[in-house]
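Report on the following structure.
The values are calculated or read from the model by the stated rules, or taken from the named source; none is laboratory data. Because the structure is a prediction, the values reported are computed rather than measured. Ideal geometry is used to build each Cβ from the backbone, glycine not excepted, and the neighbour counts take in all protein chains shown. These area figures cover heavy atoms from the full protein model, side chains too; ligands, DNA and RNA do not enter into them. Shrake-Rupley method; radii C 1.70, N 1.55, O 1.52, S 1.80 Å.
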Amino acid sequence: MGKKMIYQSQKGEMAALIVETEAYLGQKDSTAHAYRGHRSPANEALYGPPGMIYIFSLRGRMMLNFITQQREVPQGILIRGIEPIIGKEIMKKNRLKHGFELTNGPGKLTEALGIVDRTLNLTLLNQGSLKLDLGKGYRPQKIISAPRVGVSRRGSWTDKPLRFFVAGNPYVSQLPKQQMDLINHGWQNF
DNA sequence: CGGGCGATGGCA
DNA sequence: GCCATCGCCCGA
């Protein structure tokens, strides 16, 4: 949370802060693609090394995930919201939207970045066009955890609080306007 | 807020 | 073939 993602696209460089993620905890997680060790060409990236990029499509949108554990431990995080810092103009052209609607959802943010296929799937962070800067980044005032979005009626893991977001950051998906911190965006060092 | 759209993969 | 799905948009 608060770390910087940098994407070198054909149209130019973009950078954004991660403000919302969801964890998917592998074989034991009844909502995860690797539940009960499920493995196929589609989700092979889950079994890769830490920093591997997993992309799957949902209703025609690309979902961006980073693998977090060692090889053969199929856990990762879904990126659900990012706050643009660089390349906002490119994102606007890619999305045909502006403001918080640019990147406040998992499918929206990939569209904004211009990720429209699975080219990056099975590739590694920091070795290609997509980089993650694990340096200091921005510090959230508060991180909230909540049940994950869109995983209804899928067993005992459905309601586990594995969604995390920067409290008040307006690029968090489905965040009511009332809860938005429009001054600091939820950061300590904004 | 509710409905419609939609591609892909996994399995029969 | 058929079904299910980790979203988004638009129009009330």
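Descriptive notes on the structure:
- Which listed residue, of A:172, A:166, A:151, is aliphatic (A, V, I, L, M), under 19 Å from residue A:65 (Cα atoms), touching a residue at least 24 places away in the same chain (Cβ under 8 Å) and within 16 Å of DNA strand B (Cβ to nearest atom): A:151
- Restricting region A:103-126 to residues that are over 17 Å from residue A:149 (Cβ atoms) and in contact with a helix residue (DSSP H, G or I) (Cβ under 8 Å, 6 or more places away or on another chain), the residue that is farthest from DNA strand C (Cβ to nearest atom): A:122
- Among (1) more than 16 Å from DNA strand B (Cβ to nearest atom); (2) in contact (Cβ under 8 Å) with a residue 40 or more places away in the chain; (3) over 26 Å from residue A:35 (Cβ atoms) - the single one residue A:157 does not satisfy: (3)
- Count - residues of region A:62-76 that are surrounded by 14 or more Cβ atoms within 10 Å (Cβ to Cβ) and over 13 Å from the mean Cα position of the chain (by Cα): 4
- Any hit, region A:98-110, residues being more than 16 Å from DNA strand B (Cβ to nearest atom) and either aromatic (Phe, Trp, Tyr) or open to solvent by 60 Å² or more (accessible area, probe 1.4 Å) (or both): yes
- Of the residues making up region A:79-106, those that are closer than 20 Å to residue A:176 by Cβ and in a helix (DSSP H, G or I) are A:99, A:100, A:101, A:102, A:106.
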